[in-house]
Amino acid sequence: MNYRVNPKNNDRLSLLGLGCMRFTKKGTVIDQENAERVMLSAIEQGINYFDCAYIYPGIEVSVGKFLAKGYRDKVHIATKLPHYFVKRPGDLDRYFNEQLRRLQTDRIDYYLMHMLGDMGSWERIRQYGIEEWAEAKKASGQIRNFGFSFHGSSESFKKLVDAYDWDFCMIQYNYIDETSQAGVSGLRYASEKGLPVIIMEPLRGGRLANIPSEAKALFDRFDTSRSRTYAQWALRWLFCQKEVTVVLSGMNTPGQVLENSSAASEDYQSGLSDEEKELYSKVRDIIRGKVKVPCTGCGYCMPCPRGVDIPVCFNCLNTRYSEGWYMGMKEYFMCTTLGVDSTAASKCIKCGKCEQHCPQEIEIRNMLELVTRKLETPAYKVAKRVSKIIGYYKHQ
Ligand code: SF4
Ligand code: SF4
């Protein structure tokens, strides 16, 4: 296993982390026996970063039961505050103490604001005293590192990075998302500021383990011995980037732990060769060949006076066409509704300001209409209403 050093406190973090949200279930409850096999296998392979969240049903309890069997000091526990549920200052302690109980521990090593979407959501939680609260928790040793996880645009991400003296952050990143969400520019920005960057969705919800056959053929021709799986190719792209600290993978069998750990144990000192960079670019083009909008995510059309996140809207529309309705909708929901202000396509008033700046000459207004039709479905609207009720957000 390779390890990367957290520049803030010298923690040695395994390059591969265990994302615990995908543990298998028996009926409606976590299959604890299998979850423990996976966690044990992870520790045996040298993985020392376990990622959980308050809202993943049963996960903190499952991890807590396992760690109580003598493994607590072998891993760094990461878990996340559901800040969107917080309605008063006392809620901060209430959720945190419940998480300590569930995890059967007296401290959280890496504690995140879950899915901060924009500055508005940070300002909202600040009014409940989150900064002073986090400082006090760190001083008492109950929180060792305080950070945030993020879905949204690169610009929002950079503003959030600058908004507080964070200890670390977590972004969605993989070879398809090189220029979407926080993207490579966000990764480098955070890293230059000295933040360890934790990566989620390295396989884009498993999609990069099962890519189109033309893309598979490119990898197979490049590596005729087929010594790597397509998932390992996706991980390799991340492991080769020195700004990446930990890559989380939602493994749910010991076999997956072994496969991914073997990829995380290769030598990545020299990074990707020029031939490999070209290979990834061709594979990306094939996967993106199914796209609906040729948006490169450059952001020249931004900001929109109505707050529409144009590149994010187009990225989600492309996801809908290349990876299916569910993936597109899920991404669109996460990226456009979790901030205080919605960034959805339906807010567009067709002023046309953005189109003058688009180097791809995309008919942005028309395409946003398509986004609204295809992605702002009844299911999206229900989910948005629910998030508004539980999160007290004021979407427009
Ligand atoms: S046309 Fe729509 S998306 Fe473009 S700037 Fe105007 S309101 Fe924003
Ligand atoms: S300017 Fe065009 S290509 Fe660039 S992000 Fe906006 S819509 Fe996409």
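Some notes on this structure:
- Cβ-placed point charges (K, R +1; D, E -1), dipole of the chain about Cα centre in debye, nearest 20: 1180 debye
- For the chain, built as a Gaussian network whose Cα springs stay under 10 Å, the top-fluctuating residue of Q172, Q356, Q99: Q356
- W166, W133, W237 arranged by Cβ crowding within 10 Å, fewest neighbours leading: W133, W166, W237
- Sequence of Y173, Y54 once ranked by neighbouring C-beta atoms within 10 Å, starting from the fewest: Y54, Y173
- Filter on K8/K158; K80/K216; K74/K388; K292/K330 - keep pairs with C-alpha separation over 29 Å: K80/K216; K74/K388
- Shape category assigned to segment 242-306 from the gyration tensor of Cα positions, a/c cut at 1.5: prolate
- Ratio Rg/Rh, restricted to segment 310-391 and using Cα atoms, in which Rh is the Kirkwood radius: 0.98
- Theoretical FRET efficiency, 1/(1+(r/R0)^6), r = Cβ-Cβ of T377 and R288, R0 25 Å, to 0.05: 0.60
- Each residue in T224, T245 was given a count of other beta-carbon atoms within 10 angstrom of its own, and listing them fewest first yields T224, T245.
- Rg [Å, one decimal], Dmax [Å, integer] - segment 184-289, C-alpha atoms: 14.0, 40
- 18 Å cut-off, amide nitrogen to a point 7 angstrom out along M1 Cα→Cβ, residues in segment 74-104: 74-79
- The chain - Kirkwood radius from inverse mean 1/r over Cα pairs (Å): 21.7 Å
- Report note on the peptides 64-74, 264-274, 116-126: ranked by the mean count of other C-beta atoms within 10 Å, highest first, their order is 116-126, 64-74, 264-274.
Each reported figure results from applying straightforward, stated rules to the coordinates on display, with no laboratory input. Predicted, not measured: the structure shown is a model, and the values here were computed from it. Glycine gets a Cβ as well: all are built from the backbone with ideal geometry, and neighbour counts include every protein chain shown.
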